[in-house]
Amino acid sequence: MKTWTPDDVRKLYELRGQGFTAPLIGERLGRSSKAIHAKFRELRMDSAKRDLWRARQKIRRAEYLREIAADDRPRKPDPAAIEEMHYRNGLEPRDVTARFCGDPLPGYSALDRS
């Protein structure tokens, strides 16, 4: 998570004044449109409300991190996924270009990759 510098806030107001939308501002500042909306919401709050909001945010984040750390269950991959992986690895690419460029294997779409 990137912290907001005073220069970022100045650019935020400047771009908003020029009529840019949140997604475009986010693109220019290297942030998501959700982050832009959240910053505007935070800037509209009075200081007492903002301090309370930040404190709650810190608490929620700490609780989330504790939850993740406490979850020490062993992770086992799905046997069907392992079988599919071995099956795909065994298929031969259609041609030299497919082998070199990594085109999808026969029977699969490029959209299947994740």
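For the reader, a short list of remarks on this structure follows.
- Scan segment 1-43 for residues that are closer than 20 Å to residue 58 by Cβ, without any contact (Cβ under 8 Å) to a residue 24 or more places away in the chain and out of contact with any helix residue (DSSP H, G or I) (no Cβ under 7 Å at 6 or more places or on another chain) and the total you get is 6.
- The combined condition, being modelled with pLDDT of 90 or more and exposed (fewer than 10 other Cβ atoms within 10 Å of the Cβ), is fulfilled by residue 7.
- Residues of segment 32-55 that are more than 22 Å from the chain's Cα centre (by Cα) and either surrounded by fewer than 11 Cβ atoms within 10 Å (Cβ to Cβ) or closer than 18 Å to residue 20 by Cα (or both): 43, 44, 46, 47, 48, 55.
The values are calculated or read from the model by the stated rules, or taken from the named source; none is laboratory data. As the structure is a prediction and not an experimental result, all values here were calculated from the model. Counting neighbours? That spans all protein chains shown, and the Cβs are built from the backbone with ideal geometry, glycine included.
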